[in-house]
Amino acid sequence: MLIVRKTEHLEGKVKAPPSKSYTHRAVISASLAEGKSLIKDPLNGRDCLASVRGCRLLGAKIKTSEKCWEVEGGKIETPEDVIDVGNSGTTLRILTSISSLIPKGYAILTGDSSIRKRPMEPLLLALRQINVKAYSSRLNGLAPIIVESSKMKGNKVEIRGDVSSQFITSLMMLLPFNEEDTNIILTSPLKSKPYLDITIDVLSHFGVRVEEVENGYLVYGNQRYRCCDYTVEGDYSSSSYIIAAGVLINSNIVIENLFRDSKQGDKRIIEILKEMGADIKVKKDRVEIEGEYNLEGVEIDVNDIPDLVPTLAVLACFAEGKTVIYNGEHVRYKECDRLRACYTELKKMGADIEERRDGLIIRGVRKLKGAELETYHDHRLVMAFTAAGLKAEGETVIRGEESVKISFPNFVEVMKSLGANIEVR
C-alpha cells in the first residue's frame, strides 16, 4: 500500500516517463519490419513488456535494456505457447490481428481477470469481414481469443468507433499486409481519436501509409514495414499526475521530455488547466509549473481523453464551483469502471460527487480528508489518488500501489524526488 500525507511544497526537475502508447506501437511495428530496429527510451512498464513477450512468441528477436530495445523482426512464427498479455488491453487488441499472419496453426491470447472482461467482439466481427478467423473461446466476445492462420480477402471493414480505438489501431497495423487497399468504415462516432493519430504517426516512421478519409481510414495494401531507429517521447497521461500535484500545491516543477507539438490527446491537460485558471508554461520540450493555483470548475468533454478522467476528477474536487465531466461512457471499459471508482473512492475523502451514465458532476469542496482507498488494480487511480492525498488533510492509504508498474514504474521515486510525503508500506 501507499501512504500519502499532506505535502506543503514540491520542487525539482524530472523527466517525463516514456509514452506507453508509442512504446507499444513501436515495438510491434519493429517486430513486423524485416531487419534490426532500435527503440530508444522505451517504457519498461508491465504493459509494454507484455507486448515484448507477445512479439517474441510471434517470432521477433528482442533484446531489452532500460534505455534501448533491439528488435529483429520480419519473420512471423506460430507461437509455441499461449500469449499471456497480463493486464494490457493494447497488447491483446493489436496482437489478435497480427496473430492471423502466422504461417500455420493457431495462436491463443489471454490475460488476467480484468482483461478477460474487456470487450473484443467488435474487433472479432471486423476481422471476419476480411476472412480472418478469430474467436472467443467462450463464445461471448471475451478472451481467451483463438486466432487461426488466415489469408486476408476483401477491401472493406466496417467497425464501431465508440467502444475502443484500439480495435481500429489493430486493423491499421494488420491491413498493410492485405493485397488490396482497404477502407476501415466507422459505423458509429469515433472515441479517442488522438490514439489513432499516434498509430498513424508511428506507422509512418516504419514506412507504412494510412490516410484519414471521410468515413474512416484508408490503409494501402501490399506494404512492408521498414526497420528504423525510433525514439519514444514522454507521456502526457503519466505526467498529468505530476502536473496535477504541482497545480494544487505550492510548487516549482519542470517536467522535461514533454513536447508542445505532440500528437498525444492527453496533452489537453494543459489546455484544461489553463481554462481552470492555472498559468502553466509550455516550452518546446518541457512543461513548467509554479503552483498553487485557485482553480475554477469547467465543463470537459472527455471523448478523446478517457485516461485523464481520474486526474480531472481529483482536480475538480479542489476547484471553486461545479465541474462537469461528460461524453465518457467508454471510460467504464478500462482496467476498471473508472467513473464508478472515482465516484466511490473520492466520496470517501469528502468529495461532493455525482455519477452519471457518461461522466461525473463534481462540486468543488476545496478540501478533502485522508481516507483508505481501493484502486481496483488500476494504475491511473493509484496515481490520481496520490495527487489527492498530497493535498488532503491527514493521511491517505492507497491500496494496490504495485499497479503503477504498468505505466510509470518509478512513480513513487519521482514524486519523492520532488518532495512528496509518501511511502510504500
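Laboratory data are not the source of any read-out in this text; all were calculated from the coordinates shown. Computed from a prediction, not measured in an experiment: that's the story for all the values here. Cβ coordinates were reconstructed from backbone atoms using ideal geometry, including for glycine residues, and neighbour counts include every protein chain displayed.
Some points to look at:
- Entry note, the chain: the mean residue ellipticity at 222 nm calculated from DSSP H runs of n ≥ 4, each adding -39500 (n - 2.57), is -9000 deg cm²/dmol after division by the residues and rounding to the nearest 500.
- If both residues of a DSSP beta bridge must be in the chain, then about 65% of such bridges are antiparallel.
- Using the Karplus relation 6.51 cos²θ - 1.76 cosθ + 1.60 with θ = phi - 60°, the per-residue 3J(HN,Hα) values for segment 207-224 come to x, 10, 9, 9, 10, 7, 10, 4, 10, x, 9, 10, 10, 6, x, 6, 9, 10 Hz, with x marking Gly and Pro.
- In this structure, the amide hydrogen of S407, modeled 1.01 Å from its nitrogen in the peptide plane, lies closer than 5 angstrom to those of R46, counting only residues at least 5 positions away or on a different chain.
- The HN-Hα couplings worked out from phi for segment 304-309 by the Karplus form 6.51 cos²θ - 1.76 cosθ + 1.60 (θ = phi - 60°) are 9, 9, x, 6, 7, 4 Hz, whole numbers, x standing for Gly and Pro.
- Span from the segment 372-392 Cα centroid across to the segment 8-82 one, whole angstrom: 27
- Magnitude of the charge dipole, the chain, Cβ model with Lys/Arg +1 and Asp/Glu -1, debye to 20: 740
- In loop segments of segment 291-336 as defined by DSSP, there are no GluC sites (Glu not before Pro) with at most 13 further C-beta atoms inside 10 Å of their C-beta.
- Sequentially through segment 151-165, phi angles give Karplus couplings (6.51, -1.76, 1.60; θ = phi - 60°) of 10, 5, 9, x, 10, 8, 9, 9, 7, 5, x, 10, 9, 7, 5 Hz, Gly and Pro residues having no value and appearing as x.
- Restricting the trypsin sites (Lys or Arg not before Pro) of segment 248-279 to loop positions (DSSP other than H, G, I, E, B) with no more than 16 neighbouring Cβ atoms within 10 Å leaves R260.
- Cα gyration tensor shape for segment 373-425, rounded if a/c is under 1.5, else prolate or oblate: oblate
- Cα gyration tensor shape for segment 20-212, rounded if a/c is under 1.5, else prolate or oblate: rounded
- Sequence-distant residues sharing a close amide H with G161 (under 5 Å, placed H): T187, S188
- Normalised contact order of segment 20-212, rounded percent, pairs of Cα under 8 Å and 6 or more residues apart: 18
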